[in-house]
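K.L.:
Can you read through this structure? Questions will come right after.
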Ligand SMILES: Nc1ncnc2c1ncn2[C@@H]1O[C@H](COP(=O)(O)OP(=O)(O)OP(=O)(O)O)[C@@H](O)[C@H]1O
Ligand SMILES: [Mg+2]
């Protein structure tokens, strides 16, 4: 459903994303891990058609980000790490606005907004202006906004950043429910507990390159570490950018 094909994005001499290939199937949750600056946001933004790849490409279903960006946009829900909301709108007005941008209207739009408002616990502040919401309240509205058109692929850049345990739990339950509905979900995070809880597969980016890929359990086993946090450290510290090392941690072929 989601596929990166040897995607590279450079900024001058910097290879922010360097030959990234990966696939996320329907009904699969894939976590993208990597230290600050590893290229996670850049990769997700290329997939979301917000930045053009320098070479290579990404697809959602059969739609290529280079050739059919509008088709890609209709098929994805994209949550940016720092997404502004329109401060003067209430959450309900905001959701209706984005629904209309996706050509929704009438009872279908109203029903979807009511469903999302309920699902993300937005009801208590549904008529408050977005500019006055707390971080966690605003984040829930941002997630709901990304989903208003019920897209088959979800791309979430640090969806639980700044959330308390309860708000995080709302997002986890939602991601699991969407997986069960057959959606393909690609998210980035720095929270290892969240990866162990949610992710079917994990990809580790370091210096723009995918240095390891597999189930959380397989990465732990391959590195011989006792948990995913330690496995992650071993993978990114073992990756010093030189060739010929770490053959045992190279990405697996997708099943
Ligand atoms: N518009 C830009 N112009 C120049 N360099 C950029 C630009 N956007 C990103 N970069 C650089 O590309 C690299 C990857 O950045 P990116 O934001 O993708 O990392 P990230 O993995 O999302 O990090 P974090 O965990 O901190 O969110 C960084 O070195 C960053 O400085
Ligand atoms: Mg980022």
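The values are calculated or read from the model by the stated rules, or taken from the named source; none is laboratory data. Nothing here was measured: the structure is a model prediction, and the numbers come from that model. Quick reminder, even Gly has a Cβ in these numbers, built from the backbone with ideal geometry, and neighbours come from all protein chains shown.
K.L.:
Please find, within the stretch 181-206, the residue that is surrounded by the most Cβ atoms within 10 Å (Cβ to Cβ) out of those that are away from ligand 1 (no atom under 16 Å from the Cβ) and in a helix (DSSP H, G or I).
P.N.:
Among those that are away from ligand 1 (no atom under 16 Å from the Cβ) and in a helix (DSSP H, G or I), it is 198.
K.L.:
With the structure loaded, tell me whether residue 87 is assigned to a helix (DSSP H, G or I) and surrounded by fewer than 20 Cβ atoms within 10 Å (Cβ to Cβ) or whether it fails that test.
P.N.:
Here the answer is no, as residue 87 does not meet what is asked.
K.L.:
Condition first: in a helix (DSSP H, G or I), closer than 20 Å to residue 41 by Cα and out of contact with any strand residue (DSSP E or B) (no Cβ under 6 Å at 6 or more places or on another chain). Now tell me which residues in the stretch 145-167 satisfy that.
P.N.:
Once the filter is applied, which keeps residues that are in a helix (DSSP H, G or I), closer than 20 Å to residue 41 by Cα and out of contact with any strand residue (DSSP E or B) (no Cβ under 6 Å at 6 or more places or on another chain), the stretch 145-167 yields only 145.
K.L.:
Yes or no: the stretch 171-180 includes at least one residue that is without any contact (Cβ under 8 Å) to a residue 12 or more places away in the chain and either assigned to a helix (DSSP H, G or I) or more than 20 Å from the chain's Cα centre (by Cα) (or both).
P.N.:
Yes, there is a match, as at least one residue in the stretch 171-180 is without any contact (Cβ under 8 Å) to a residue 12 or more places away in the chain and either assigned to a helix (DSSP H, G or I) or more than 20 Å from the chain's Cα centre (by Cα) (or both).
K.L.:
Taking the stretch 182-197 on its own, how many of its residues are modelled with pLDDT of 95 or more and more than 16 Å from ligand 2 (Cβ to nearest atom)?
P.N.:
Of the residues in the stretch 182-197, 4 are modelled with pLDDT of 95 or more and more than 16 Å from ligand 2 (Cβ to nearest atom).
K.L.:
Hey, another quick one. Name the residue that is nearest to ligand 2 (Cβ to nearest atom), counting only residues in the stretch 17-46 that are surrounded by fewer than 23 Cβ atoms within 10 Å (Cβ to Cβ) and on the phi > 0 side of the Ramachandran plot.
P.N.:
Looking at residues that are surrounded by fewer than 23 Cβ atoms within 10 Å (Cβ to Cβ) and on the phi > 0 side of the Ramachandran plot, I get 37.
K.L.:
Mind telling me which of the residues 58, 126, 63 ends up being at pLDDT below 95, away from ligand 2 (no atom under 16 Å from the Cβ) and either under 26 Å from residue 209 (Cα atoms) or surrounded by 15 or more Cβ atoms within 10 Å (Cβ to Cβ) (or both)?
P.N.:
Matching residue, one of 58, 126, 63: 126.
K.L.:
Which one of these does residue 144 not meet: (1) without any contact (Cβ under 8 Å) to a residue 40 or more places away in the chain; (2) within 24 Å of residue 115 (Cβ to Cβ)?
P.N.:
Here residue 144 meets the rest and fails (1).
K.L.:
In the stretch 207-231, which residues are surrounded by 23 or more Cβ atoms within 10 Å (Cβ to Cβ) and out of contact with any strand residue (DSSP E or B) (no Cβ under 7 Å at 6 or more places or on another chain)?
P.N.:
Matches in the stretch 207-231: 231 only.
K.L.:
Specify the residue that is farthest from residue 14 (Cα to Cα); the eligible residues are those in the stretch 67-78 that are without any contact (Cβ under 8 Å) to a residue 24 or more places away in the chain and not in a helix (DSSP H, G or I).
P.N.:
Residue satisfying both the conditions and the ranking: 68.
K.L.:
Taking the stretch 179-206, which residues are under 19 Å from residue 229 (Cβ atoms) and in contact with a strand residue (DSSP E or B) (Cβ under 7 Å, 6 or more places away or on another chain)?
P.N.:
187, 188, 189, 195, 198, 199, 200, 201, 202, 203, 204, 205
K.L.:
Looking only at the stretch 10-66, count every residue that is assigned to a helix (DSSP H, G or I) and touching a helix residue (DSSP H, G or I) at 6+ places or on another chain (Cβ under 9 Å) and tell me the total.
P.N.:
Qualifying residue count for the region: 1.
K.L.:
When you scan the stretch 108-132, how many residues do you find that are touching a helix residue (DSSP H, G or I) at 6+ places or on another chain (Cβ under 7 Å) and either under 19 Å from residue 156 (Cβ atoms) or in a helix (DSSP H, G or I) (or both)?
P.N.:
12
K.L.:
Moving to a separate point now. Within the stretch 136-162, track down each residue that is within 15 Å of ligand 1 (Cβ to nearest atom) and crowded, with 23+ Cβ neighbours inside 10 Å.
P.N.:
Selection gives 155, 156, 159, 160.
K.L.:
Still on this structure, I have one more. For the stretch 66-83, which residues satisfy the criterion of being farther than 30 Å from residue 238 by Cβ and within 16 Å of ligand 2 (Cβ to nearest atom)?
P.N.:
Across the stretch 66-83, the qualifying residues are 78, 79, 80, 82, 83.
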